[in-house]
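Notes for the one structure printed next.
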Amino acid sequence: MGKNKDEKNEEESDKTVIMDETPEETAEEEKPEENSETEEEVKEEKSEETEEAESSEEKEDPKDKKIAELNDKVMRQMAEFENFRKRTEREKSEMFASGEKVVIEAILPVIDNFERALDMAGQDEEKKNDPFIEGMDKVYKQLMDELDKLGVKPIEALGADFDPNLHNAVMQEETEEYESGKVCKELQKGYMLKDSVVRHSMVSVAQ
């Protein structure tokens with residue numbers, strides 16, 4: 001009877017040891033197997049992706065490449081043509097403006113002679129009602145109207161502050177009629193074409 005009890009105790013102690021060791025050992029044995037499986041799956045996925053990329057490159061039609069190259073070439077040529085068009089338009093407008101200015105500069109002495117003749121005729125009472133003088137005055141007004149349509153306007157000088165950008169001072173005078181620095185006499189009328197000066201006004205400035 002004593003022996004049977006000892007044998008039973010030994011069997012129970014062996015069972016407890018086996019029960020305690022099995023969950024830890026099985027867990028440790030399963031972990032590396034799971035990691036190895038995941039690493040193999042990742043490698044397989046990467047290999048599949050690289051194979052798909054290579055197959056897509058191999059499947060790309062050379063015609064598509066040629067079409068893309070031609071489209072790029074056409075777009076570049078269109079951009080170059082647009083730049084050329086804008087540049088030529090700017091050059092044409094600059095040439096037109098400079099040519100317009102040259103023509104107006106040539107006409108200004110004719111306008112000066114018209115004004116001198118009309119001033120002299122206005123001083124003579126007998127010539128004021130002369131049909132010839134009236135005809136000259138109409139032609140002068142028509143000429144000034146056409147120049148005004150082109151943007152040609154006389155520069156305001158008499159009584160204005162002296163401005164070297166608009167006026168050309170040739171003398172100074174002592175006068176009580178105008179303050180110092182004011183234009184007291186206009187010797188030759190100046191003109192502007194839009195925003196640019198065609199001819200500066202020749203003036204005398206009050207001291």
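The values are calculated or read from the model by the stated rules, or taken from the named source; none is laboratory data. This is a predicted model, so every value here is computed, not measured. Methodologically, a virtual Cβ is constructed for each residue, glycine included, from the backbone with ideal geometry; neighbour enumeration extends over all protein chains shown.
One residue is enough: does the stretch 61-72 have a residue meeting the conditions over 27 Å from the mean Cα position of the chain (by Cα), assigned to a helix (DSSP H, G or I), exposed (fewer than 10 other Cβ atoms within 10 Å of the Cβ) and not acidic (Asp, Glu)? Within the stretch 61-72, one or more residues are over 27 Å from the mean Cα position of the chain (by Cα), assigned to a helix (DSSP H, G or I), exposed (fewer than 10 other Cβ atoms within 10 Å of the Cβ) and not acidic (Asp, Glu).
Those strands (runs of 3 or more DSSP E) of the stretch 101-207 in which at least 2 residues are surrounded by 11 or more Cβ atoms within 10 Å (Cβ to Cβ) and out of contact with any Gly (no Cβ under 9 Å at 6 or more places or on another chain), considering only elements entirely within it, cover 152-154, 167-173, 183-188.
Yes/no per residue for (1) under 30 Å from ASP137 (Cα atoms); (2) free of Cβ contacts under 8 Å to residues at least 12 places away in the same chain:
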{"site": "ARG76", "(1), (2)": "no, yes"}
{"site": "PHE84", "(1), (2)": "no, yes"}
{"site": "ARG87", "(1), (2)": "no, yes"}
{"site": "SER98", "(1), (2)": "yes, yes"}
{"site": "LYS101", "(1), (2)": "yes, no"}
{"site": "LEU108", "(1), (2)": "yes, no"}
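Checking the structure you have, find out if any residue of the stretch 104-116 is more than 30 Å from VAL197 (Cα to Cα) and either of a type in the set (Phe, Trp, Tyr) or at pLDDT 90 or above (or both). So far as the stretch 104-116 goes, no, none of its residues is more than 30 Å from VAL197 (Cα to Cα) and either of a type in the set (Phe, Trp, Tyr) or at pLDDT 90 or above (or both).
Here LYS153 fits the description: at pLDDT 90 or above and out of contact with any His (no Cβ under 7 Å at 6 or more places or on another chain).
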